[in-house]
Amino acid sequence: MAQTDPVDFYQTALLLTDEEKEIRDTVRRFVVGKCIPIIADYFDRASFPIELIAQMAQLDLFGVHIKGYGCRSRSHMIYGIICEELARCDSGLRAMFSVQNSLVMFPIFEFGSEAQREKWLPAMAKGKAIGCFGLSEPDYGSDPGGMQTEAKRKDGQYVLNGKKMWITNGTIADVAVIWARLDNEIRGFLVETRMPGFHAKPVQRKFSYRTSPTAYIDLKDCTIPADALLPGANGLKAVFRCLNHARFGVACGALGSAIACYQAAKDFALKRKVFDQPVASYQLVQDQLARMLVEITKAQLVNYHLGRMLDENRAGPAQISLAKLNNVREAIKIARTARDILGARGILADHHVMRHLCDLEAISTLEGTAGMHTLVLGKEITGISAFK
Ligand SMILES: Cc1cc2nc3c(=O)[nH]c(=O)nc-3n(C[C@H](O)[C@H](O)[C@H](O)COP(=O)(O)OP(=O)(O)OC[C@H]3O[C@@H](n4cnc5c(N)ncnc54)[C@H](O)[C@@H]3O)c2cc1C
């Protein structure tokens, strides 16, 4: 196997275009050289390596879904490849990339006015402005349709009141896409985080997603200009168009984390001797490694095919749900198995496995819980919705 493709049992890399291979190798070099060496310390301190944002911008990683406005438009396939590579280091890093691209730049491009696009997209492409996506609320996660955050018109402006919770990038963002009820319809607003009445504070004492700046946002009479409304973002349909992109990113990221755990376990098992033999020589361990490889290979094929379907506009939400559900579920099993193979060392930061395992627990919930994606598939199969 080629050096750059340490785990690619079915040689999916042969199916990639030259551009796809080039971006994969570029991001991989960045991840191995600049991100992996520092990430465990940031995780320890529950802090995001903010200095990496400028470097990500230099690699043209922001604006993947955007044509023009200083962005280098790329395919869904490439978006997925970048997510996989970033998550081989850290899911917080992958989340920063995904939120900036899919949940902020995409809605500004897709639903925003020309002035909104001009104002934010070039700055976001350069990493000079950071975005966050405020949908979930303390009492409304899986059912965002129940949200209580409200926008009211006043003197030609909008006044926002409500609470958002679990907002990735929330404490480092310059602009927030805030979803709120206006005349009882869910609308998107571009809120500058420096506006009076916008208060973001970190969600504390997280044991998962520790590098990711997860925020609680309080909107108290937050007054924003009339041109802050995203004119094309009407209802949950608009929300789900953003989430579809992001969920594919999560499916690809979960694969990246699984690969990192598998590699750590395999390397360790070959080196570590127990009862005078390498751990890798025992049948039980070979069974564990084989199971991991099988699931990684299946997830690679799912992601590859789904990426191509998305590029050809042939994938719907249920296809994306299948990938998110499967890849995260299997990545958790792989991370747990890797932790077991590493023995006591599996809980140390140095091997990164425990960090991935902790992060994957949050990933099972965010961007739609495992339960909700199961129900989406159930609805697709039966035609009957088991939820509203
Ligand atoms: C680290 C992290 C980052 C996040 N980032 C963002 C972000 O940037 N922006 C944002 O808006 N949100 C974000 N979220 C929020 C995330 O989208 C929600 O946590 C998720 O949608 C689930 O909502 P909840 O946590 O309120 O769980 P709940 O909706 O309360 O669900 C609790 C449990 O009930 C189950 N359940 C719910 N409804 C049904 C049903 N009908 N039938 C069967 N079971 C059901 C769920 O599957 C789950 O197991 C983030 C979350 C985390 C953990």
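Observations
- When residue 315 is tested against (1) out of contact with any helix residue (DSSP H, G or I) (no Cβ under 8 Å at 6 or more places or on another chain); (2) outside any helix (DSSP H, G or I), just one condition goes unmet, and that condition is (1).
- Residue within the range 109-126 that is out of contact with any strand residue (DSSP E or B) (no Cβ under 9 Å at 6 or more places or on another chain), touching a residue at least 60 places away in the same chain (Cβ under 8 Å) and either part of a strand (DSSP E or B) or surrounded by fewer than 24 Cβ atoms within 10 Å (Cβ to Cβ) (or both) present: yes
- Pick from the range 41-61, criterion among the hydrophobic types (A, V, I, L, M, F, W, C) and touching a Lys or Arg at 6+ places or on another chain (Cβ under 7 Å), ranking: farthest from residue 301 (Cα to Cα): 46
- For the range 157-164, the condition of being free of Cβ contacts under 8 Å to residues at least 60 places away in the same chain, on the phi > 0 side of the Ramachandran plot and buried (at least 20 other Cβ atoms within 10 Å of the Cβ) holds for at least one residue.
- Inclusion of residue 31 among residues that are more than 25 Å from residue 122 (Cβ to Cβ) and in contact with a Lys or Arg (Cβ under 8 Å, 6 or more places away or on another chain) is warranted.
- Just one of the listed residues (300, 288) is more than 20 Å from the chain's Cα centre (by Cα) and either at pLDDT below 95 or crowded, with 17+ Cβ neighbours inside 10 Å (or both), namely 288.
- Restricting attention to the range 338-388, the residues that are under 23 Å from the mean Cα position of the chain (by Cα) and of a type outside the set (Lys, Arg) total 28.
- Residue 330 within 16 Å of the ligand (Cβ to nearest atom) and assigned to a helix (DSSP H, G or I): no
- Test: residue in the range 303-324 that is surrounded by 15 or more Cβ atoms within 10 Å (Cβ to Cβ) and at pLDDT below 95: no
- Among the residues of the range 353-383, those identified as part of a loop (DSSP other than H, G, I, E, B) and within 13 Å of the ligand (Cβ to nearest atom) are 366, 367, 368, 369.
- One residue alone among 54, 46 is closer than 18 Å to residue 169 by Cα, surrounded by fewer than 13 Cβ atoms within 10 Å (Cβ to Cβ) and of a type in the set (Gly, Ala, Ser), and that residue is 54.
- Which numbered condition residue 226 fails, given (1) hydrophobic (A, V, I, L, M, F, W, C); (2) surrounded by fewer than 15 Cβ atoms within 10 Å (Cβ to Cβ); (3) within 23 Å of the chain's Cα centre (by Cα): (3)
The values are calculated or read from the model by the stated rules, or taken from the named source; none is laboratory data. None of these values were measured; they are calculated from a predicted model. When we count neighbours, we look across all protein chains shown, and the Cβ atoms used for this are built from the backbone with ideal geometry, even at glycine.
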